[in-house]
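A short write-up of the structure that comes next.
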Amino acid sequence: THLVAVVFNGGIYTSSNSGSTWTQTSAPVVSYWQAVASSSDGTHLVAASTGNGSWGIYTSSDSGSTWAQTSAPVANYAAVASSSDGTHLVAVAQSGGIYTSSNSGSTWTQMSAPFAAWWSVASSSDGTHLVATSYGGIYVFTSSTTIGTAGSLSGGQYDAVELQYIGGGVFMPISYAGYGFTVQ
């Protein structure tokens, strides 16, 4: 029932009745609101602005009554996503990296994802699994998996890998392409 929307040359709007009525939030009116996401209860919001002196990521923890610009790096953000509780956030840059926050936007970390033209991102409800798209394809990331003794992946820019999740935290390479890619 809780929805949020941005107007490119306007503000950010919320609805608490499945879109029957909309209310403009107190978000600064900037020329280029690019993306917005919400926690499942509609209290935690995250939005990306991409121009006119207000580049960055903004958050609200009170359904849009107040907003604060976060410490996320200045970038041309294309999309943002939120976990169900609003603590895990992710932002992708159109010509850059993927940035995550595990504390509702207080601090941000750049993922080791390739530098790409990212266009969209989605998050699992707990924020540990992410999927992002770029011109190069669909990428799946997990923040709960670490490289173990069973193997590793490495590669360079423009290398690609297709993985299949087979359970128990294990992925199997299906196919890969590129000049510097290795699977061990």
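Taking 17 Å as the cut-off, the amide N atoms of the range 84-108 that come nearer than this to a point 7 Å along the Cα-to-beta-carbon line of Ser40 belong to 84-89. Using the Cβ-Cβ distance between Ser124 and Asp62 with R0 = 25 Å, the FRET efficiency computed as 1/(1 + (r/R0)^6) comes to roughly 0.50. Computed extension gain for Phe8 through Ser20, at 0.36 nm per residue and net of the alpha carbon distance, reaches 2.2 nm. Compared with the alpha-carbon gap, the fully stretched path from Asn103 to Val131 is longer by 8.1 nm at 0.36 nm per residue. Start at zero, step by 5 Å, and the Cα-Cα distances of the range 81-142 spread as 4, 21, 33, 25, 13, 4, 0 percent across the bins. Its alpha carbons considered, the range 25-119 gives a radius of gyration followed by a Dmax of 12.1, 36 Å.
Since every read-out is calculated from the coordinates, none of them should be taken as a lab result. The model shown is predicted, which means the values in this text are computed figures rather than measured ones. Quick reminder, even Gly has a Cβ in these numbers, built from the backbone with ideal geometry, and neighbours come from all protein chains shown.
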